[in-house]
Protein chains: 2
Amino acid sequence: MKAAIIGGGVIGGGWAARFLLNGWDVAVFDPDPEAERKISEVLMNARRALPGLYDTALPPEGRLTYHSDLAQSVAGADWVQESVPERLELKHKVLADLMQYAPDEAIIGSSTSGFKPSELNEKGARAIVAHPFNPVYLLPLIELVGDADTCARAADILSGIGMFPLKVRKEIDAHIADRFLEAVWREALWLVKDGIANTEEIDEAIRMGFGLRWAQMGLFETYRVAGGEAGMKHFMAQFGPCLSWPWTKLMDVPEFTDELVDLIADQSDAQSGHMSIRELERLRDDNLVSILRALKARGPGSGAGRVVRDHEADLWHAMTDTTPLRTVARDVPIDWTDYNGHMNEGRYGQVFSDAADRVMAHVGADADYIGSGLSFFTAETNIKYLDECHAGEAVYVDSTVTLGEGKKLRLWHEMRRKADDSLLATCDQFLLHVDLTTRKSCPPRADVEARVETLATLHARGTT
Amino acid sequence: MKAAIIGGGVIGGGWAARFLLNGWDVAVFDPDPEAERKISEVLMNARRALPGLYDTALPPEGRLTYHSDLAQSVAGADWVQESVPERLELKHKVLADLMQYAPDEAIIGSSTSGFKPSELNEKGARAIVAHPFNPVYLLPLIELVGDADTCARAADILSGIGMFPLKVRKEIDAHIADRFLEAVWREALWLVKDGIANTEEIDEAIRMGFGLRWAQMGLFETYRVAGGEAGMKHFMAQFGPCLSWPWTKLMDVPEFTDELVDLIADQSDAQSGHMSIRELERLRDDNLVSILRALKARGPGSGAGRVVRDHEADLWHAMTDTTPLRTVARDVPIDWTDYNGHMNEGRYGQVFSDAADRVMAHVGADADYIGSGLSFFTAETNIKYLDECHAGEAVYVDSTVTLGEGKKLRLWHEMRRKADDSLLATCDQFLLHVDLTTRKSCPPRADVEARVETLATLHARGTT
């Protein structure tokens, strides 16, 4: 699959990274001589952050090319994404070119924050709005607005690269999310202008409180919970009257003077000026990856965690009976390192635990089997730590069944660095099959026992 | 220390839990015969969630009492928190009673979302606004408004129970955070009323995108990053003009009709009605604990994670030379369990890794020592898994030094359940002292080596 990225700023670069790291070929068109440098920087951030979201490897990266010729960049593209500056006449011009050169079956998406599809297409284009959020390579949300069939096709593609397409049913200026951002932005400008709070205090008021709620439940579900057993009507009865109180200045718009711009820029410098933008981006990405990984582990009901989970499930491949079994292939995520700067010893144990889970699934002791009340529990591990590894390094585990008799299962795992196949750690792991009701050991189901014995016999013969 | 909680709803109950679980005695005054039941339910949630934020045990819970007599409830209180319904004349009546019965030196805080201190105190009271966010036992933010000296004393106390006090410098209706909540609420009502989006779509638009950004950076730092190297002024120049565009309907206020209330209540039922409020609360708390733990692990620059980190540092106690050393005392957090419903085997390894860290710190191989370029690395572990443990269970680890000779350090750890002292797992751990520059083994600094040898000799003698 091929994506053409028209306009290579922070947003275009984010789109390029999202497609590329999910295995798409990407062609970038941008007349700016700095475009390649700018996109490289976004890509460096994305390569550092995105693979760490998942507990399995992403597909091999696609091929990245830069073009000064628009027709060449869009040739054979399945997706064309326009991310040029937010001026309608410029968007019209670019879209007219795309109508001429893009394949008829290609989806043409626009990253516009504010324009409606009817405005984008008033000169005869067939674009939909596909509005992403920065950083595009990490945040799942994409607002889709426009032709229903095209949006449905677009949604399938976007889900396939780990995003969350939200179809906006009626077109409206600024779609949905940016209406909230604009409302909050206006209120924030008033608070700063009136000297109630500075930029840092406003950020703390958000991230120490409701920002944490919104990251996982949004607005209405949070309030539903706050309403308690009396329900959403009760909550609304309680807070409805505030609508007539002077709790916001939003009936009015602050004048956007040079003084106000300077005031905010100065406060922002005082707050964050000790860090470069690159450092802030990495801080943001590390925080986002950590939050998304934490939510992923929580299962359904975890908002964006569910999207990461579903995409990860798509990334798994079924194993075949090889000697050894390749049970783990992944990057070391940022949240696995400790104060020594390397992967914490507890996480070696987790990698080997994951490897054992893969062996179990392979012999039929999968989620359904565990749901039926049977599982394998680890009784003993002996781990030798031979070398360090660091966040972002690709590693893999090869596993063999060294004993498979009745309720006993013994595995030998070797964890290696992908770059040079050097041995990082070994684990001798002894498991017992258990009845989850009695929590006592018992023989596996006959088919699982047979699969274990087959593997044990195969692996006893040595490398194939 | 004693806190008196005046009004025992969701907010009062949250305050009670926050104080109680941080070791304060708590006296609740609420004439509602249901108050004890309601507070018990909040406390049950808090006991389930709050201890799991920290990688060390909270202090023993204080004593909880219920009172039908206000004077009795506030006697000897260091903090009195008013959380009665949001009606000014009711607040005036309660505050007048508190002026009569509360100790002169007690801080009197009001949980009001909207009233200013000058309004609360217009009949002669001396309250400050101490505005919390639901769930009070997990979210760090407290907005403090009012008398500067009282707010400074209040801030010290609140930091001591793990909160983040934000001093609001000028009083204003709805303080800071609720102004944003009100702005977003108004915009959301319009979007639902106009049929642009339903409650679920709005929640997804928030939690799949900017909610994740705000949870860790807030508004301005996020935009500073988005502005890139060109800086905050550039960002503002780009988005300033939107202020004159129709990107929000906030110049106008939707009429709060029965139809609108029904529309929203119905949509909310369709979205979340398959879960009870209790289930939603636990989902929210599990998500919040997971996010806060993830941010805590990221260090400075992680917003609310920093607050949890700082509070945790205060909770640690220095060890003395006992046999064995009590190296770990903690609850099993929600993010440590796996599909089998018990603590994942990798986390046993992490507990023993933490135990080794405590031994290291105790012998002088602490953060400064590691900063100087020396550390101990684990070379081998042998773990026996003897029993399961589950989220919320209190566990501890006793550790002895079984070998301490030059660069070699060997530890024996026993992890037990606090409730019955039953043995959960053992770990035989072998560590080597390393030079962090060469990554090769080397002898420890003389004082550290001497401390290790002292412990090895002491522990060889057996239990004292």
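The values are calculated or read from the model by the stated rules, or taken from the named source; none is laboratory data. Treat the numbers as computed from the prediction; the structure is a model and nothing was measured. We place every Cβ from the backbone using ideal geometry, glycine too, and count neighbours over all the protein chains shown. Just so you know, the surface numbers come from the protein's heavy atoms only, side chains and all, with ligands and any DNA or RNA stripped out. Shrake-Rupley method; radii C 1.70, N 1.55, O 1.52, S 1.80 Å.
A compact table of results
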{"read-out": "Qualifying positions in segment A:281-331 - more than 14 Å from chain B (Cβ to nearest Cβ), among the aliphatic types (A, V, I, L, M) and within 18 Å of A:Met163 (Cβ to Cβ)", "value": "A:Leu315"}
{"read-out": "Unique match (being facing chain B (nearest Cβ under 9 Å) and not aliphatic (A, V, I, L, M)) among A:Lys123, A:Lys116, A:Lys170", "value": "A:Lys170"}
{"read-out": "B:Ala174 under 19 Å from the mean Cα position of the chain (by Cα) and touching a residue at least 12 places away in the same chain (Cβ under 8 Å)", "value": "no"}
{"read-out": "Any hit, segment B:189-200, residues being of a type outside the set (Asp, Glu) and closer than 23 Å to A:Lys193 by Cβ", "value": "no"}
{"read-out": "Condition check for B:Trp15: in the same structural domain as B:Gly124 (by TED's automatic domain parsing), open to solvent by less than 10 Å² (accessible area, probe 1.4 Å), within 29 Å of B:Trp316 (Cα to Cα) and among the aromatic types (Phe, Trp, Tyr)", "value": "yes"}
{"read-out": "Set A:Asp447, A:Asp428, A:Asp435: member being open to solvent by 30 Å² or more (accessible area, probe 1.4 Å), touching a residue at least 60 places away in the same chain (Cβ under 8 Å) and in contact with a strand residue (DSSP E or B) (Cβ under 7 Å, 6 or more places away or on another chain)", "value": "A:Asp435"}
{"read-out": "Filtered residue count, segment B:123-148, keeping only those that are among the β-branched types (Val, Ile, Thr) and without any contact (Cβ under 8 Å) to a residue 40 or more places away in the chain", "value": "3"}
{"read-out": "Among (1) within 26 Å of the chain's Cα centre (by Cα); (2) at pLDDT below 95; (3) of a type outside the set (D, E, K, R) - the single one A:Pro33 does not satisfy", "value": "(1)"}
{"read-out": "Residue among A:Gly349, A:Gly364, A:Gly371 that is within 7 Å of chain B (Cβ to nearest Cβ) and at pLDDT 90 or above", "value": "A:Gly349"}
{"read-out": "Spans of strands (runs of 3 or more DSSP E) in segment A:310-407 with at least 3 residues hydroxyl-bearing (Ser, Thr, Tyr) and in the same structural domain as A:Gln429 (by TED's automatic domain parsing)", "value": "A:374-385, A:394-405"}
{"read-out": "Criterion violated by A:Ala16 - all others in (1) under 22 Å from A:Leu120 (Cβ atoms); (2) outside any helix (DSSP H, G or I); (3) within 15 Å of the chain's Cα centre (by Cα) satisfied", "value": "(2)"}
{"read-out": "Any hit, segment B:282-294, residues being in contact with a Gly (Cβ under 8 Å, 6 or more places away or on another chain) and charged (D, E, K, R)", "value": "yes"}
{"read-out": "Per-region count, segment A:200-212, residues within 7 Å of chain B (Cβ to nearest Cβ) and open to solvent by 20 Å² or more (accessible area, probe 1.4 Å)", "value": "2"}
{"read-out": "Subset of segment B:36-51 [of a type outside the set (Asp, Glu), under 21 Å from the mean Cα position of the chain (by Cα) and open to solvent by 10 Å² or more (accessible area, probe 1.4 Å)]", "value": "B:Ser40, B:Val42, B:Met44, B:Arg47, B:Arg48, B:Pro51"}
{"read-out": "Any hit, segment B:443-462, residues being over 29 Å from B:Leu58 (Cα atoms) and assigned to a strand (DSSP E or B)", "value": "no"}
{"read-out": "Only listed residue being in contact with an Asp or Glu (Cβ under 7 Å, 6 or more places away or on another chain), buried (at least 22 other Cβ atoms within 10 Å of the Cβ), among the small types (Gly, Ala, Ser) and at the interface with another protein chain (Cβ under 7 Å from one of its Cβ atoms), chosen from A:Ala177, A:Ala188, A:Ala215, A:Ala197", "value": "A:Ala177"}
{"read-out": "Tabulated pairs, segment A:247-272, first at the interface with chain B (Cβ under 7 Å from one of its Cβ atoms) and modelled with pLDDT under 80, second surrounded by fewer than 20 Cβ atoms within 10 Å (Cβ to Cβ) and part of a loop (DSSP other than H, G, I, E, B), C-beta under 6 angstrom, 6+ apart or interchain", "value": "A:Trp247/B:Asp173; A:Met251/B:Met251"}
{"read-out": "Matching option when the condition is in the same structural domain as A:His342 (by TED's automatic domain parsing), of a type in the set (S, T, N, Q) and surrounded by 15 or more Cβ atoms within 10 Å (Cβ to Cβ), among A:Ser422, A:Ser441", "value": "A:Ser441"}
{"read-out": "Subset of segment A:353-382 (residues that are open to solvent by 50 Å² or more (accessible area, probe 1.4 Å) and more than 17 Å from A:Gln429 (Cα to Cα))", "value": "A:Asp366, A:Ala367, A:Asp368, A:Gly371, A:Ser372"}
{"read-out": "Of the criteria (1) under 14 Å from A:His175 (Cα atoms); (2) touching a Phe, Trp or Tyr at 6+ places or on another chain (Cβ under 7 Å); (3) at pLDDT below 75; (4) at the interface with chain A (Cβ under 7 Å from one of its Cβ atoms), which one B:Cys242 fails", "value": "(2)"}
{"read-out": "Of residues in segment A:63-82 being in contact (Cβ under 8 Å) with a residue 60 or more places away in the chain and surrounded by fewer than 18 Cβ atoms within 10 Å (Cβ to Cβ), the one nearest to A:Phe19 (Cα to Cα)", "value": "A:Asp78"}
{"read-out": "Residue in segment B:52-98 that is farthest from B:Asp357 (Cα to Cα), counting only those that are more than 29 Å from the chain's Cα centre (by Cα) and of a type outside the set (A, V, I, L, M)", "value": "B:Glu89"}
{"read-out": "Options A:Leu90, A:Leu95: the member that is hydrophobic (A, V, I, L, M, F, W, C) and open to solvent by less than 20 Å² (accessible area, probe 1.4 Å)", "value": "A:Leu95"}
{"read-out": "Segment B:303-336: number of residues that are closer than 19 Å to A:Asn287 by Cα, in contact with a Pro (Cβ under 9 Å, 6 or more places away or on another chain) and open to solvent by 10 Å² or more (accessible area, probe 1.4 Å)", "value": "3"}
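Residue-by-condition table, conditions (1) over 28 Å from B:Leu411 (Cα atoms); (2) in contact with a strand residue (DSSP E or B) (Cβ under 7 Å, 6 or more places away or on another chain); (3) polar (S, T, N, Q):
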site	(1), (2), (3)
B:Ser272	yes, no, yes
B:Leu295	yes, no, no
B:Gly301	yes, no, no
B:Gly305	yes, no, no
B:Arg309	no, no, no
B:Ala313	no, no, no
B:Thr327	no, yes, yes
B:His342	no, no, no
B:Arg347	no, no, no
